[in-house]
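Everything on this sheet refers to the single structure shown next.
The values are calculated or read from the model by the stated rules, or taken from the named source; none is laboratory data. Quick caveat, the model's predicted, so the values are computed rather than measured. Heads up, the Cβs are rebuilt from the backbone with ideal geometry, glycines too, and the neighbour counts pull from every protein chain shown. Remember, those area values only see protein heavy atoms, side chains included, never the ligands or the DNA or RNA. Shrake-Rupley method; radii C 1.70, N 1.55, O 1.52, S 1.80 Å.
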Amino acid sequence: MAEVLLFHHANGLTAGVREFAERLRRAGHTVHVPDLYEGEVFDSLEQGVGHAQKIGFDTILDRGRAAAQVLPAQLVYVGISLGVLPAQMLAQTRAGATGALLLEGCVPATEFGGTWPRGVPVQIHGMDADPFFAGEGDLDAARALVDSTSDAELFLYPGNRHLFTDSSLPSYDESAATLLDTRVLGFLDTLG
């Protein structure tokens, strides 16, 4: 089974993120879920993004790096939206990554040193009309990553919701999230 380091989205470590981690655990995976916000949870995406901007994205990356340092190098890095930043950074820069799951976000590989590392499979998941994922460049970055890396897959879901994977938020889409869970668990099973 895989060992996973899961980073939450901009709203914080919500009940929905905890439930997602628990589903992965029930499937037999070891899952670590650090709190990048040190206990802060926000009701809206706007409030959460405001908090991330206030503490700084470098702080979020540093907290993600610190969470990884106490764990084995052989990890699957998983990020949801804002959590993609530390997940992708670690998958690209920390030796030993066994895989990455970038949920509802993706940044150009050049942000973290150039190309995607060989032998590190990655899946990217997002909604095709999500104003953040599709409208702010993440989808373009995901397509570029898939075009440049044989170990990359992109899964698009019909819809315009952001944070559709979080069952504790109004943006949750049960059908899309269930399909995502199936794909994520299949991916993890190939790595464990």
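Summary of computed values
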{"quantity": "Residue list for the range 99-120, restricted to those being within 18 Å of L191 (Cα to Cα) and over 14 Å from the mean Cα position of the chain (by Cα)", "calculated": "W116, P117, R118, G119, V120"}
{"quantity": "Enumeration of residues in the range 108-149 that are farther than 17 Å from Q88 by Cα, open to solvent by 50 Å² or more (accessible area, probe 1.4 Å) and small (G, A, S)", "calculated": "A129, G135"}
{"quantity": "Test: A21 is open to solvent by less than 40 Å² (accessible area, probe 1.4 Å), of a type outside the set (D, E, K, R), touching a Leu at 6+ places or on another chain (Cβ under 6 Å) and assigned to a helix (DSSP H, G or I)", "calculated": "yes"}
{"quantity": "Filter result for D166 (of a type in the set (D, E, K, R) and either in a helix (DSSP H, G or I) or over 20 Å from Y77 (Cβ atoms) (or both))", "calculated": "no"}
{"quantity": "Pairs, first at pLDDT below 95 in the range 156-170, second open to solvent by 20 Å² or more (accessible area, probe 1.4 Å) and not aromatic (F, W, Y), C-beta under 7 Å, six or more apart", "calculated": "none"}
{"quantity": "Single residue of T14, T30, T59 found to be within 19 Å of V107 (Cα to Cα) and β-branched (V, I, T)", "calculated": "T59"}
{"quantity": "Unique match (being over 19 Å from S171 (Cβ atoms), modelled with pLDDT of 95 or more and assigned to a strand (DSSP E or B)) among A66, A87, A100", "calculated": "A100"}
{"quantity": "Unique residue being among the β-branched types (V, I, T), out of contact with any strand residue (DSSP E or B) (no Cβ under 9 Å at 6 or more places or on another chain), without any contact (Cβ under 8 Å) to a residue 60 or more places away in the chain and assigned to a loop (DSSP other than H, G, I, E, B) when the list is T178, T110, T115", "calculated": "T115"}
{"quantity": "Residues of the range 60-86 satisfying the condition of being of a type in the set (G, A, S) and open to solvent by less than 10 Å² (accessible area, probe 1.4 Å)", "calculated": "G64, A68, G79, G83"}
{"quantity": "Residue check, G135 out of contact with any helix residue (DSSP H, G or I) (no Cβ under 6 Å at 6 or more places or on another chain) and either under 14 Å from P108 (Cα atoms) or assigned to a loop (DSSP other than H, G, I, E, B) (or both)", "calculated": "yes"}
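Rundown of residues vs (1) touching a residue at least 12 places away in the same chain (Cβ under 8 Å); (2) under 13 Å from the mean Cα position of the chain (by Cα); (3) within 17 Å of D138 (Cβ to Cβ); (4) surrounded by fewer than 23 Cβ atoms within 10 Å (Cβ to Cβ), yes/no style:
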residue	(1), (2), (3), (4)
M1	yes, no, no, yes
L5	yes, yes, no, no
D43	yes, no, no, yes
Q88	yes, yes, yes, no
A95	yes, no, no, yes
